[in-house]
Amino acid sequence: MNSETLRTHTTLTAGGRAPDAPPPARRPLPSRQSRQFRPSRGAHDATPGRAVRILCATVLAALVAYAVLVPILFTVDPFLVDYRTGAQGPSPAHPFGTDVAGRDLFSRSAAGLRVSLIAAIAGAAGAVVIGTAAGATCAMVGGRFDRWCMRGVDTLNAVPHLLLGIVVASFFRGSLLAIVMVVAVTHWTQTARLVRSEILTLRAQDHVRAAVSQGFTRLQLVRHLGLPLLGGQLAVAAGLLVPHAVWHESTLTFIGLGLPPHQPSLGSLLQLGQEALLSGAWWSIAVPAGLLVLVTVCLAGLLRSPAGRS
Amino acid sequence: MVERRVLDPAVSMTPAPERAVGPPLASPGASQGAVRATRNRRGRLVGVLVGRRLAWTVPLLAVISLGIFALAALSPADATTGFLGARGEFTPASSRDNVEELLGHGTWLESWLAWAGSTLTGDPGWSTAYRAPVAEIVAARLPWTVLIMATGVLSAAVLSVVLALGVALTPHHPVSRTVVGGLWAVTALPSFLVSLGLMAVFAIGLGWLPAGGLTNPGADLTAGQVATHMVLPTAAVAVSQVPWMSLHLHEALRAQLNGPAVEAARVRGLSEPTIVARHALPAAAIPVVAIAGTRLPEIVAGAAVVELVLSWPGLGQALVEAALAQDLALLATVGVLLTAASLLGGLLADVALVALDPRTDPREL
């Protein structure tokens with residue numbers, strides 16, 4: 001935003017409001033061309049509007065509350081098998097219906113969502129930690145080491161993550177930790193690139209060069225000048241990784257390589273739901289599928305960057 | 001073209017004797033020669049690019065297969081957990097025997113060397129899950145995977161061009177806004193959910209299409225059978241690819257349609273369809289092709305899951321079956337093959353990028 005447009009804008013809006021009124025909404029000013037031809041937000045708008053963000057945040061909060069509170073407040077055991085009430089549709093006693101073994105899907109979905117979210121957040125956090133360490137190391141060591149590392153990162157990116165996940169998970173069956181590790185080990189590369197490029201641009205700045213001349217070690221530079229500035233970006237990177245991690249967890253469990261079927265997670269619920277779908281029990285797949293979609297759509301809507309999902 | 005038109009009078013005005021040594025600067029022969037020289041140089045650079053990538057691919061594949069063998073040796077599963085499952089889930093009794101058999105004749109490094117050696121001579125071993133040679137399984141399944149991946153990506157590309165053009169040309173229409181919003185929502189769907197949704201709606205709900213398999217049970221393998229059965233897997237692959245393709249293409253098209261090149265074309269009086277088809281669309285395709293190269297691994301992995309859900313007899317399904325049955329020889333072979341496919345696809349996308357966009361430098365790819 002250059003100063004001239006700012007001035008025009010101020011003179012245009014100043015007449016309409018009191019001098020001490022808060023500044024207008026901090027939306028970027030439209031360019032002249034777009035002001036002429038696009039009076040309203042067009043379909044092409046790359047960033048979601050405020051209303052969409054608020055909606056997404058509300059839905060996410062509701063989902064988290066559902067995942068956290070239902071296992072505490074709703075006293076139906078998600079593991080309780082009762083074949084007399086098997087494969088029933090939604091009813092007051094079982095709001096989301098029951099599965100083939102008569103287990104209540106309302107409490108099972110909550111437990112499953114909780115497991116999936118915990119696994120996904122842990123995986124995303126692990127990926128960001130690995131990526132930050134790798135990116136900072138590459139940027140600070142530099143030279144040939146850096147070039148080779150980045151080549152390696154490119155090469156790892158070219159390997160299908162999900163296939164890698166399938167192979168690794170197959171040797172550590174039924175372990176949530178293995179899935180978290182798979183997600184962390186395959187998704188750190190983007191964070192590494194981000195951290196590396198940020199630190200490289202930072203290194204050319206005056207205050208950093210002053211610190212170098214004062215004898216800061218490389219570790220101190222990264223610790224005190226690099227990472228504190230990167231906090232916000234790293235949080236967004238982790239947030240954008242969470243939907244991905246939810247997919248990976250649910251896909252691996254759905255395939256049969258994650259948690260065993262009696263343990264609820266979105267993937268195992270969907271796996272049972274696929275079998276139930278063939279017998280017409282649509283609710284047993286609609287609920288976990290809907291939860292999965294809501295989580296990923298809302299996270300993407302909340303954190304969406306114009307460049308698309310990563 | 002414009003340049004030459006401007007230059008020609010200038011050339012004719014320069015006195016002839018001084019330029020007699022070489023051909024005139026802008027004569028057709030000279031510019032063709034220059035173009036050919038550039039093309040040759042770019043051709044050589046593309047050759048170097050291909051060679052460099054292939055040189056990287058081989059050790060990478062070796063490292064990946066080595067990693068698979070190392071993981072198999074590290075795996076906490078033994079014969080008991082192979083029977084009962086690591087956490088009490090029930091797995092086929094023979095599953096861990098497969099790994100023990102392949103790993104049992106020495107350290108995992110020796111087993112890997114033996115496997116790699118026999119694979120290089122054309123025999124990647126025996127699949128215990130399918131009770132058949134791995135080479136036979138791969139040969140029988142590879143064409144079906146290629147079929148749905150190729151048709152899926154192609155139909156996704158066609159659909160994306162249509163969608164992106166429609167949205168970019170009518171940005172204010174309510175339908176356009178709905179389409180963009182819908183595409184954003186679809187980007188958040190994992191491919192197994194897309195496959196499940198398509199199956200639930202078109203196979204079970206409406207009953208229009210078969211729910212899975214290559215043919216109806218017991219039916220002969222005919223073109224008609226395959227054509228009806230491949231609709232859902234192809235659609236599932238396409239639906240997972242359309243959102244990012246069309247959103248990126250839409251973004252690029254919008255930039256192009258408001259850009260100086262299209263403005264210049266309008267000033268020259270070209271018709272709007274020509275401008276869109278010959279000027280905006282080719283230029284907008286460049287970033288999409290560049291992104292396609294990095295997206296390819298995801299397409300390959302997504303196709304594997306689609307095959308599993310819709311029981312399409314391809315390599316991805318074999319990979320998952322091998323993983324579930326701990327069939328090490330098949331797992332390593334198919335894993336390496338699918339990785340190689342995505343690496344080669346990425347290379348193809350980069351070569352296409354160099355061919356499409358004269359500004360790209362093959363040395364930087």
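The values are calculated or read from the model by the stated rules, or taken from the named source; none is laboratory data. The structure presented is a predicted model; accordingly, all values stated were derived computationally and were not measured. Backbone-built Cβ (ideal geometry, glycine too); neighbour counts: all protein chains shown.
Are any of the residues in region B:197-208 crowded, with 22+ Cβ neighbours inside 10 Å, modelled with pLDDT under 85, in a helix (DSSP H, G or I) and within 14 Å of chain A (Cβ to nearest Cβ)? Give the steps one after another, and end with the answer.
Initial filter on region B:197-208 (crowded, with 22+ Cβ neighbours inside 10 Å): B:199.
After this cut, where a residue has to be modelled with pLDDT under 85 as well, the list is B:199.
Next cut, in a helix (DSSP H, G or I) only: B:199.
The next check asks that each one be within 14 Å of chain A (Cβ to nearest Cβ); those that pass are B:199.
Yes, that holds for at least one residue.
With the requirement that a residue be within 14 Å of chain A (Cβ to nearest Cβ) and in contact with a His (Cβ under 8 Å, 6 or more places away or on another chain), what does region B:213-244 give you?
Of everything in region B:213-244, just one residue is within 14 Å of chain A (Cβ to nearest Cβ) and in contact with a His (Cβ under 8 Å, 6 or more places away or on another chain), namely B:Gly213.
Any residue that is among the hydroxyl-bearing types (Ser, Thr, Tyr), in contact (Cβ under 8 Å) with a residue 12 or more places away in the chain and farther than 30 Å from B:Asn258 by Cβ - is there at least one of those in region B:218-229? Quick ask: steps written out before the conclusion?
First pass over region B:218-229, keeping only residues among the hydroxyl-bearing types (Ser, Thr, Tyr): B:222, B:228.
Still in the running and in contact (Cβ under 8 Å) with a residue 12 or more places away in the chain: B:228.
When the remaining residues are screened for being farther than 30 Å from B:Asn258 by Cβ, the result is B:228.
Checked region B:218-229: at least one residue is among the hydroxyl-bearing types (Ser, Thr, Tyr), in contact (Cβ under 8 Å) with a residue 12 or more places away in the chain and farther than 30 Å from B:Asn258 by Cβ.
Residue by residue, here is whether (1) among the aromatic types (Phe, Trp, Tyr); (2) within 24 Å of the chain's Cα centre (by Cα); (3) over 15 Å from A:His248 (Cβ atoms) holds:
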{"site": "A:Val100", "(1), (2), (3)": "no, no, yes"}
{"site": "A:Asp104", "(1), (2), (3)": "no, no, yes"}
{"site": "A:Arg114", "(1), (2), (3)": "no, yes, yes"}
{"site": "A:Ala120", "(1), (2), (3)": "no, yes, no"}
{"site": "A:Gly123", "(1), (2), (3)": "no, yes, no"}
{"site": "A:Gly131", "(1), (2), (3)": "no, yes, yes"}
{"site": "A:Ala134", "(1), (2), (3)": "no, yes, yes"}
{"site": "A:Cys138", "(1), (2), (3)": "no, no, yes"}
{"site": "A:Gly143", "(1), (2), (3)": "no, no, yes"}
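Would you confirm whether any residue within region A:102-117 is assigned to a loop (DSSP other than H, G, I, E, B) and more than 30 Å from A:Leu221 (Cα to Cα)? Give the derivation first.
Applying the first criterion (assigned to a loop (DSSP other than H, G, I, E, B)) to region A:102-117 yields A:102-103.
Next, from what is left, pick out any that are more than 30 Å from A:Leu221 (Cα to Cα): A:102-103.
Yes, because at least one residue in region A:102-117 is assigned to a loop (DSSP other than H, G, I, E, B) and more than 30 Å from A:Leu221 (Cα to Cα).
Please tell me if A:Ala286 is surrounded by fewer than 20 Cβ atoms within 10 Å (Cβ to Cβ), within 29 Å of A:Ser170 (Cα to Cα) and either more than 10 Å from chain B (Cβ to nearest Cβ) or not acidic (Asp, Glu) (or both).
Working: surrounded by fewer than 20 Cβ atoms within 10 Å (Cβ to Cβ): yes; within 29 Å of A:Ser170 (Cα to Cα): yes; either more than 10 Å from chain B (Cβ to nearest Cβ) or not acidic (Asp, Glu) (or both): yes.
Yes: the conditions hold for A:Ala286.
Tell me which residues, restricted to region B:304-324, are surrounded by fewer than 22 Cβ atoms within 10 Å (Cβ to Cβ) and of a type in the set (Gly, Ala, Ser).
B:Ser311 - this is the single residue of region B:304-324 that is surrounded by fewer than 22 Cβ atoms within 10 Å (Cβ to Cβ) and of a type in the set (Gly, Ala, Ser).
Find the residue count for region B:259-314, including only residues that are polar (S, T, N, Q) and within 13 Å of chain A (Cβ to nearest Cβ).
Within region B:259-314, the subset polar (S, T, N, Q) is B:271, B:274, B:294, B:311.
Filter again for within 13 Å of chain A (Cβ to nearest Cβ), leaving B:294, B:311.
Residues that pass the stated criteria total 2.
In region A:140-188, how many are assigned to a helix (DSSP H, G or I), more than 14 Å from chain B (Cβ to nearest Cβ) and modelled with pLDDT of 85 or more? Spell out how you get there, then give the answer.
Of all residues in region A:140-188, those assigned to a helix (DSSP H, G or I) come to A:140-141, A:143-157, A:161-171, A:176-187.
Next, from what is left, pick out any that are more than 14 Å from chain B (Cβ to nearest Cβ): A:140-141, A:143-146, A:149, A:180, A:184.
Within this subset, residues satisfying the condition of being modelled with pLDDT of 85 or more are A:144-146, A:149, A:180, A:184.
Selection size over region A:140-188: 6.
Could you tell me which of the residues B:Asp327, B:Asp350, B:Asp361 is under 27 Å from B:Ala37 (Cα atoms), over 15 Å from the mean Cα position of the chain (by Cα) and either crowded, with 19+ Cβ neighbours inside 10 Å or more than 11 Å from chain A (Cβ to nearest Cβ) (or both)? Lay out the reasoning, then the answer.
Numbers: B:Asp327 fails: under 27 Å from B:Ala37 (Cα atoms); B:Asp350 fails: over 15 Å from the mean Cα position of the chain (by Cα).
None of the other options fit; the residue is B:Asp361.
Name the single residue, out of those in region B:172-196 being of a type in the set (Gly, Ala, Ser) and assigned to a helix (DSSP H, G or I), that is nearest to A:Ala276 (Cα to Cα).
Of all residues in region B:172-196, those of a type in the set (Gly, Ala, Ser) come to B:176, B:181-182, B:185, B:188, B:191, B:195.
Adding the requirement that they be assigned to a helix (DSSP H, G or I) leaves B:176, B:181-182, B:185, B:191, B:195.
Working: B:Ser176: 37, B:Gly181: 31, B:Gly182: 28, B:Ala185: 26, B:Ser191: 19, B:Ser195: 16 Å.
Checked region B:172-196; the qualifying residue nearest to A:Ala276 (Cα to Cα) is B:Ser195.
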